[in-house]
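Derivation of every value follows stated rules applied to the coordinates shown; laboratory data play no part. Every value quoted in this text rests on a predicted model; they were computed, and no experiment measured them. Note that we place each Cβ from the backbone using ideal geometry, even for glycine, and neighbour counts take in every protein chain shown.
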Ligand code: IPE
Ligand code: IPE
Ligand code: MG
């Protein structure tokens, strides 16, 4: 990987693999509808894509993969669909955690857990503690997650820890209280399913992420579709406010 160095930062230029990929897995419902199947079938098929993508990230030695599975706004869906998704999530955790552990994958759940039932909270805690010390891929699953919630909970945590702090907080301090404080900001954001929006995903961290939108529906997002996203990322020049000339100068010095 090439690096663009400045006084205080070391900025990666995307000639290499992204180190953190964040994904909005969208299009399960439309995938099912096209086949005159219930939406639930699309969600189930979407789980197969999750397997494939996790495997691809492990093969490519990508350190961080973050998947948006259920947004804070998805509670607005019909009750049956919400409970199907929660069950699918619970079953997925039960069935997959041992395999994730065997593959040295660390699993982290990000999102507001207060709305989950006790059984689900137990399963999440069990899965996280089993895989806590794994050193391979860090797989973060965002469930009942919202970018605004994340920023607010960070502000509230900071305020609680330092109630009399009046001088104002800086970016680093806030970032260290976000749900994903343990990961670098995503290099590549992928949204399947054709919509071109962020839908309240990692609002803070996506500030300088390379965005990739594809019409491919999530259940159809296979390895070749993933490779296209990587190729698109690798064709970009990340300037972080600098000029193109500054970026090429810094790259040629590395
Ligand atoms: C994404 O697929 C999965 C979740 C939001 C849980 P959708 O269910 O949003 O599928 P579409 O957008 O209706 O096709
Ligand atoms: C975003 O998908 C959330 C997840 C994939 C979990 P949605 O399908 O809920 O997004 P909107 O409502 O179309 O923006
Ligand atoms: Mg959708």
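On alpha-carbon atoms, Rg over Rh for the range 36-88 using Kirkwood Rh?
Rg/Rh: 1.06.
Of 203, 188, how do they rank once you tally other Cβ atoms within 10 Å and put the fewest first?
Least to most surrounded, the residues fall as 203, 188.
Can you give me the P(r) profile for the range 136-254? Cα pairs, bins 10 angstrom wide beginning at 0, each as a whole percent.
11, 32, 32, 20, 6, 0
Among 214, 135, which comes first, second and so on when ranked by fewest other beta-carbon atoms within 10 Å?
Placing the least packed residue first, the sequence is 135, 214.
What number does the chain give for Rg over Rh if you use C-alpha atoms and the Kirkwood radius?
Rg/Rh for the chain comes to 0.98.
By counting other Cβ atoms within 10 Å of each Cβ, how are 171, 237 ranked from fewest to most?
Neighbour counts put them in this order, fewest first: 171, 237.
Running Debye on the range 53-113 with equal point scatterers at the Cα sites and no solvent, what base-10 log of I(q)/I(0) appears at q = 0.29 Å⁻¹?
With one equal scatterer per Cα and no solvent, log10 I(q)/I(0) is -1.32.
Tell me, what does the Kirkwood hydrodynamic radius of the range 6-113 come to in angstroms if you use every pair of distinct C-alpha atoms?
16.0 Å
Where the centre of each part is set by its Cα atoms, how far does the range 82-104 sit from the range 182-251, in angstrom?
Comparing the Cα centres of the range 82-104 and the range 182-251, I get a distance of 27 Å.
If you average the sequence gap of Cα pairs under 8 Å that are 6 or more apart and divide by the length of the range 119-254, what percent do you get for the contact order?
19 percent
Evaluate the relative contact order of the range 133-210 (contact order divided by residue number), counting alpha-carbon pairs under 8 angstrom at least 6 apart; express in whole percent.
RCO, the range 133-210: 39 percent.
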